[in-house]
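All remarks here apply to the structure that follows.
The values are calculated or read from the model by the stated rules, or taken from the named source; none is laboratory data. This is a predicted model, so every value here is computed, not measured. Virtual Cβ from ideal backbone geometry, glycine too; neighbours counted across all protein chains shown. Heavy atoms of the whole protein, side chains included, go into the accessibility calculation; ligands, DNA and RNA do not. Shrake-Rupley method; radii C 1.70, N 1.55, O 1.52, S 1.80 Å.
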Amino acid sequence: MSQVRDHALTKTLAASSTHALPSYLNADDLGPWGIYLQQVDRVTPYLGHLARWVETLKRPKRMLVVDVPIELDNGTIAHFEGYRVQHNTSRGPGKGGVRFHQDVTLSEVMALSAWMSIKNAAVNVPYGGAKGGIRVDPKTLSRGELERLTRRYTSEIGIIIGPSKDIPAPDVNTNDQVMAWMMDTYSMNVGTTATGVVTGKPIDLGGSLGRREATGRGVFTVGVEAAKHIGLDISKARVAVQGFGNVGGIAGKLFSEAGSRIVAVQDHTGTIYQESGLNVPALLAHIKEHGTLITFPGVEVIANDAFWDVSCDILIPAALEQQITATNAGRIQAKLVIEGANGPTTPQADDILQERGVLVVPDVVANAGGVTVSYFEWVQDFSSFFWSEDEINARLVRIMQDAFDSVWAVSQQHKVTLRTATFIVACQRILHARELRGLYP
Ligand code: NAD
């Protein structure tokens, strides 16, 4: 049933966005780009005179598809498809991560690049939006093969990236080592060390203190703000977290330090429950040592599907896309959902949660802490002057609080969800910049 509805939705989108449909996308299945187009359509009535420019948001500025050939360790030559999409650069250079995953598609990279435009404008950092990826399962590659893949990809997209053009960062299956190889490759090609070409680098190569924890800290910060508005006492809250990696693990730790009880956690190996609240530092240490949470002593292991029925006040999806769907949204007990992951809630689920009065803090503001500290890293690299971790955290918290306050005010003014409000704030900023710059020539 939901598949039929989804199909109908995609058809409607294709029809309503005919002008925005690039010729190489399948009108029957626009994928994540279709969801993004629907989100833009929802905010267009609120854009006033700026709606004149809205088509800008429905067309990525520049898309590069590259062939990435490498020699495998066994002597054969393998070819991978790589992408870099610069969705919009009206407010500054492109900015967004690079994903290595076997399911990466152009539609996904387009949508992720557009969500980066929205996110960067929502927290008001001076960037446009971009995203990149390679269609590859990196777990099948040796370290040497991964390095060759990264370097060849960086060389291929080198014609459009640069410290003042487009600045990649880590995303799914890429990390600080991959960023170090990207920085080195770009630097070798241009003949000078260019630390500012990527963020999320190792600290010894111009990385920033606080970057690793930044996204989880941002999730916690906006969660505290949202809880205040709905009269939820964080120190007594019951919290369930899906995904206990970089984002979910840090957010869970900060909520637990603030007195919340983390009652349920799910990762790719299973789901655990503890009524009295989990010992988060011990759980993180256990996951680090054993690679799984289900063997953590003294907890109840529950069915993965039962995670959605857990009695809790706050739910933090911090794993994958499209986890909260029309199938489970009606079962969620939480009063507050804070999206740590990118795109964890489908549009249908969004509507169900809204009807049920559940407040959703959308990804485009909730997980913007990472790109905010990436911005700090880039600024520090330019000035070659590095800040203390306390300074970074204080600036991060201020930016996240300001972003949440702006979005909250707009949601109250127009009586819309926080997601629509975030899109209104962000689209207005982007299109205002577009209008001020005008069209060239
Ligand atoms: P990570 O790899 O550190 O952690 C991912 C977690 O999700 C792990 O605990 C993993 O076990 C769990 N997981 C994977 N598959 C699962 C499944 N099928 N069911 C339940 N759990 C599953 O990744 P991360 O950096 O924490 O990123 C998580 C999400 O946050 C992604 O959507 C990412 O795009 C988004 N995000 C991350 C950052 C960042 O700075 N790391 C910034 C913005 C957005």
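General observations
- Failed condition for LYS253, given (1) in a loop (DSSP other than H, G, I, E, B); (2) under 26 Å from the mean Cα position of the chain (by Cα); (3) not polar (S, T, N, Q): (1)
- Sole residue being surrounded by fewer than 24 Cβ atoms within 10 Å (Cβ to Cβ), of a type outside the set (A, V, I, L, M) and under 12 Å from ASP166 (Cα atoms), chosen from GLY96, GLY75, GLY92, GLY129: GLY92
- Residues in the range 286-314 that are in contact (Cβ under 8 Å) with a residue 40 or more places away in the chain and within 13 Å of the ligand (Cβ to nearest atom) were compared, and the one that is farthest from ASP350 (Cα to Cα) is ILE287.
- Test: residue in the range 276-285 that is within 12 Å of the ligand (Cβ to nearest atom), open to solvent by less than 50 Å² (accessible area, probe 1.4 Å) and over 23 Å from the mean Cα position of the chain (by Cα): yes
- Only one entry in GLY231, GLY245 is modelled with pLDDT of 95 or more and either assigned by TED's automatic domain parsing to the domain that holds PHE255 or open to solvent by less than 30 Å² (accessible area, probe 1.4 Å) (or both), namely GLY231.
- Scope the range 349-365; condition more than 9 Å from the ligand (Cβ to nearest atom), in contact with a helix residue (DSSP H, G or I) (Cβ under 8 Å, 6 or more places away or on another chain) and either part of a strand (DSSP E or B) or touching a residue at least 40 places away in the same chain (Cβ under 8 Å) (or both); matching residues: ASP350, LEU359, VAL360, VAL361, PRO362, VAL364, VAL365
- Against the numbered list (1) open to solvent by less than 70 Å² (accessible area, probe 1.4 Å); (2) touching a residue at least 60 places away in the same chain (Cβ under 8 Å); (3) within 16 Å of VAL364 (Cα to Cα), ALA421 comes up short only at (2).
- Test: LYS119 is under 19 Å from the mean Cα position of the chain (by Cα), within 24 Å of TYR375 (Cα to Cα) and in a strand (DSSP E or B): no
- Residues that are over 24 Å from LYS236 (Cα atoms), open to solvent by less than 30 Å² (accessible area, probe 1.4 Å) and part of a helix (DSSP H, G or I), drawn from the range 286-315: HIS286
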